[in-house]
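Asker: Structure incoming, see below.
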Amino acid sequence: MKHRIGYNPLGRKASHRESLTRNMVTSLFRYERIKTTKTKAMEIRRTAEKMITRAKEDSVHNRRMVGRRIKDQEILAKLFTDIGPRFKERNGGYTRVYKLGQRPGDAAEMVLLELVDRPEEN
């Protein structure tokens, strides 16, 4: 029976999965939009939303907790000074997933994962 499995292992060892999550969450906060597979996006979304919730209140404890996963200090500062305050009035649902269709090589479902209140590009 598959009880109490709280995450998708993505077919990877724990260390590889953790690295993948760190890199993709950092990229999401850097570019505020990433293109990836649907399965990865749903896992990254869980982590990113929890980090944004912590970033809404800038404290030493919250910075250290999020800093465990985000090693890039520039992105960590952006999360707490720009992204977190932007979502101050929102209670959740900080990310959005757009379906893009299937990848030509292996027919994996591709999606665009982005932050909801992303500034428009002109």
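Asker: If a residue must be of a type outside the set (A, V, I, L, M), over 18 Å from Arg86 (Cβ atoms) and open to solvent by 60 Å² or more (accessible area, probe 1.4 Å), how many such residues does region 38-60 contain?
Answerer: 3
Asker: Condition first: part of a loop (DSSP other than H, G, I, E, B), touching a strand residue (DSSP E or B) at 6+ places or on another chain (Cβ under 7 Å) and farther than 16 Å from Thr53 by Cβ. Can you find one or more residues in region 89-112 that meet it?
Answerer: Yes, region 89-112 contains at least one residue that is part of a loop (DSSP other than H, G, I, E, B), touching a strand residue (DSSP E or B) at 6+ places or on another chain (Cβ under 7 Å) and farther than 16 Å from Thr53 by Cβ.
Asker: Let me ask something else. I'd like the full set of residues that are closer than 24 Å to Gly101 by Cβ, more than 13 Å from the chain's Cα centre (by Cα) and open to solvent by 70 Å² or more (accessible area, probe 1.4 Å), limited to region 1-37.
Answerer: Gly11
Asker: Kindly indicate the residue of region 66-75 that is of a type outside the set (Lys, Arg) and under 15 Å from the mean Cα position of the chain (by Cα) and also surrounded by the most Cβ atoms within 10 Å (Cβ to Cβ) among those meeting that condition. Before you say what the answer is, go through the steps one by one.
Answerer: Start the filter on region 66-75 by keeping residues that are of a type outside the set (Lys, Arg), which leaves 66-67, 70, 72-75.
Imposing the further condition that a residue be under 15 Å from the mean Cα position of the chain (by Cα) reduces the set to 66-67, 70, 72, 75.
Working: Val66: 22, Gly67: 14, Ile70: 20, Asp72: 16, Ile75: 18.
The selected residue is Val66.
Asker: Tell me which residues, restricted to region 76-102, are surrounded by fewer than 18 Cβ atoms within 10 Å (Cβ to Cβ), modelled with pLDDT of 95 or more and either over 19 Å from Leu113 (Cα atoms) or β-branched (Val, Ile, Thr) (or both).
Answerer: Ala77, Thr81, Val97
The values are calculated or read from the model by the stated rules, or taken from the named source; none is laboratory data. Here the structure is a predicted model, which means the values were calculated and not measured. Cβ: placed from backbone, ideal geometry, glycine included. Neighbour counts: every protein chain shown. Accessible surface areas use protein heavy atoms only, side chains included; no ligands, DNA or RNA. Shrake-Rupley method; radii C 1.70, N 1.55, O 1.52, S 1.80 Å.
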